[in-house]
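Written out below as structure tokens is the structure these notes cover.
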Amino acid sequence: MSESLIRRHGLEPFLAELAGSDAMDPGTTVSVRADLGHINLRGSASDAGFVASVEQELGQPLPVEPNTMSTSQHHVCWLGPDEWLIVTPVATATKLAGRLEHALSSSHAAVNDSSGGQIALMLHGAKCRELLAMGCTLDLHPREFRVDHCAQTGLARANVLVALVDDAPTFMIVVRRSFSDYLCRWLSHAGRDTGILFQNT
């Protein structure tokens, strides 16, 4: 899928509805990150050759501890013992997927560019933990859910990946595009009392 099609994320009508209704002092700012691509990676963490090849292409560690994330040029999230999600600039996602496929051609592995099927939201602000807790059963307290932790869970009945990018705090929420309008409308409704602002990146 071309970069131009990926960047048309489908949330444009929702964002247009909010034009002119920005919160003055939002407790949570939600950025729709159409500038990020998504690569699903499958392979064995016990295969030293697989891990070495992936880390060489990424230029950063591959997280092998459950529910952790490696953050540098890319956000690399652990999804399972043999599965990871790489969130990377959309402009280079296709090339990176191709390089990984080539590097892993002799390994038992799979690389899929899933940029067209999901979208990343970045939630930032003093009230974003409180907002997420309204629809999520994860314990998001800073003592339990720390920077570079991630988990697949339900948020307002939508299946998502939640990752803590920094302790500002900033959370990355990855959701299927088919659920993104619903989830954004839920966030908009749930964040009314604490103030919420949506931005398109």
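The values are calculated or read from the model by the stated rules, or taken from the named source; none is laboratory data. Treat the numbers as computed from the prediction; the structure is a model and nothing was measured. We place every Cβ from the backbone using ideal geometry, glycine too, and count neighbours over all the protein chains shown.
Pull out all pairs, ordered by first then second residue, where Cβ-Cβ is under 9 Å, the residues are six or more apart or on different chains, the first lies in the range 133-144 and is closer than 16 Å to V175 by Cβ, and the second is part of a loop (DSSP other than H, G, I, E, B) and of a type outside the set (G, A, S).
G135/R157; L138/E144; L138/F145
Name the helices (runs of 4 or more DSSP H) wholly within the range 1-100 that hold at least 2 residues that are at pLDDT 95 or above?
48-58
Among the residues in the range 157-176, are any without any contact (Cβ under 8 Å) to a residue 24 or more places away in the chain and of a type in the set (S, T, Y)?
Looking for residues that are without any contact (Cβ under 8 Å) to a residue 24 or more places away in the chain and of a type in the set (S, T, Y), one finds none in the range 157-176, hence no.
Which of the following residues is free of Cβ contacts under 8 Å to residues at least 60 places away in the same chain, touching a strand residue (DSSP E or B) at 6+ places or on another chain (Cβ under 6 Å) and not basic (K, R): E83, E55, E65?
Within the list E83, E55, E65, the selection yields E83.
Just name the residue that is nearest to the chain's Cα centre (by Cα) out of those in the range 184-201 that are surrounded by fewer than 23 Cβ atoms within 10 Å (Cβ to Cβ) and of a type in the set (A, V, I, L, M).
Filtering the range 184-201 for residues that are surrounded by fewer than 23 Cβ atoms within 10 Å (Cβ to Cβ) and of a type in the set (A, V, I, L, M), the one nearest to the chain's Cα centre (by Cα) comes out as L197.
Return only the number of the condition from (1) over 25 Å from T28 (Cα atoms); (2) of a type in the set (V, I, T); (3) in contact with a Lys or Arg (Cβ under 7 Å, 6 or more places away or on another chain) that I119 does not satisfy.
(1)
Looking only at residues in the range 125-181 that are of a type in the set (K, R) and part of a loop (DSSP other than H, G, I, E, B), which one is surrounded by the most Cβ atoms within 10 Å (Cβ to Cβ)?
K127
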